[in-house]
Amino acid sequence: MTLSDPRPLLAGASAGGYAVGAFNVIQIEHAEAIVAGAERAGLPVVLQVSENTAAFHRGLAGIGAASLAIAAQATVPVVVHLDHAESEDLIDQAVALGFTSVMFDGAKLPYEQNQVRTAAVVARCHSAGVAVEAELGEVGGKDGAHAPGVRTDPTEAAAFVAATGVDSLAVAVGTSHAMADRSAQVDLELVRWLHQSVPVPLVLHGSSGVDDPGLVAAVKVGMAKVNIATRLNQVMTAVVRQVLHADPKVTDPRKYLGPGRDAVAAEVAMLLRLLHG
């Protein structure tokens, strides 16, 4: 199956009251596990490579090409997406590699600057047939997402989408990145208001900090794409620890990364079914 454009997938989710799961690739085993989980569930999925992951791999080319190759062989629709890119040069690299979606993260910029730079990215990417996600409000660290003034204003969000032409919008509604527990409370009334006000699909970042009932509730009131990273890392790391503890003499990475990969695939399949309803 060829790589998929996220726009029809997210439009269908937004209209249908379900969400597409988006999971972060840290290493090749993540990409393999995510696609295996999606195939097990029989549902579309988004493979996300973040700017931080590209830096970890000393460039986007290797991990990006691997993700694209794994996606191209999948039996379900797979989007390959550049996540949280503040560098426009990295966005251009992703487009050249064949990514079908990118996120320009200008959330830390003043509103006007975020709008101008996002519009420029959209113009370039749309000319290449690539979808663009942006962020308004700030889904930062655990403290930042709950601080006054960082949550997304629906009226401002609608104006931002109209001015930039973005295809989807990440919004700040009470979640935080890299949470190790599931104590975040999504502001469901704000999500409902945003869904009514903003004419493009909404994206929930920091979803690892939300428990399963909270994810279901957020999707029901309007979230169309749900990003999950830390939760999968916790699953993989727990299994790796178990294997190494059971046999301290293990040195072959395949002996512990393989079980970790299998555990992530099972978690992805479960989460995709949960989000689809």
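The values are calculated or read from the model by the stated rules, or taken from the named source; none is laboratory data. On a predicted model such as this, the values are computed, not experimentally measured, just so you know. Don't worry about glycine lacking a Cβ; one is built from the backbone with ideal geometry, like all the others, and counts go over all protein chains shown.
Things to note:
- Residue check, GLN242 free of Cβ contacts under 8 Å to residues at least 60 places away in the same chain, closer than 24 Å to MET103 by Cβ and assigned to a helix (DSSP H, G or I): no
- Tabulated pairs, segment 55-81, first over 14 Å from ILE34 (Cβ atoms) and without any contact (Cβ under 8 Å) to a residue 40 or more places away in the chain, second among the polar types (S, T, N, Q) and part of a helix (DSSP H, G or I), C-beta under 9 angstrom, 6+ apart or interchain: GLY59/GLN93; LEU60/THR53; LEU60/GLN93; ALA61/GLN93; GLY64/GLN93
- Scanning segment 97-114 for residues that are out of contact with any Lys or Arg (no Cβ under 8 Å at 6 or more places or on another chain) and either surrounded by fewer than 18 Cβ atoms within 10 Å (Cβ to Cβ) or hydrophobic (A, V, I, L, M, F, W, C) (or both) yields a total of 11.
- The sole residue among VAL166, VAL150 that is at pLDDT 60 or above, farther than 20 Å from LEU10 by Cα and among the β-branched types (Val, Ile, Thr) is VAL150.
- Qualifying position, being in contact with a strand residue (DSSP E or B) (Cβ under 6 Å, 6 or more places away or on another chain), in contact (Cβ under 8 Å) with a residue 12 or more places away in the chain, on the phi < 0 side of the Ramachandran plot and of a type in the set (A, V, I, L, M, F, W, C), among ALA229, ALA217: ALA229
- Residue-level check: of (1) touching a helix residue (DSSP H, G or I) at 6+ places or on another chain (Cβ under 7 Å); (2) surrounded by 21 or more Cβ atoms within 10 Å (Cβ to Cβ), SER14 misses just (1).
- Number of the exception - ASP89 against (1) surrounded by 15 or more Cβ atoms within 10 Å (Cβ to Cβ); (2) more than 23 Å from ILE228 (Cβ to Cβ); (3) modelled with pLDDT of 95 or more: (1)
- Some residue of segment 212-234 being among the charged types (D, E, K, R) and exposed (fewer than 13 other Cβ atoms within 10 Å of the Cβ): yes
- In segment 187-223, the qualifying residues are those that are among the small types (Gly, Ala, Ser) and closer than 23 Å to ALA159 by Cβ, and the one that is nearest to the chain's Cα centre (by Cα) is GLY222.
- Screening VAL102 with (1) farther than 18 Å from ARG7 by Cβ; (2) under 18 Å from the mean Cα position of the chain (by Cα); (3) of a type in the set (A, V, I, L, M, F, W, C); (4) at pLDDT 95 or above gives one miss only, at (1).
- Near pairs, Cβ below 7 angstrom, 6+ apart or cross-chain, from segment 16-43 (more than 16 Å from ALA74 (Cα to Cα) and touching a residue at least 12 places away in the same chain (Cβ under 8 Å)) to any residue that is of a type in the set (Lys, Arg) and surrounded by fewer than 24 Cβ atoms within 10 Å (Cβ to Cβ): GLY17/LYS220
- Any hit, segment 221-231, residues being under 16 Å from GLY37 (Cα atoms) and assigned to a helix (DSSP H, G or I): yes
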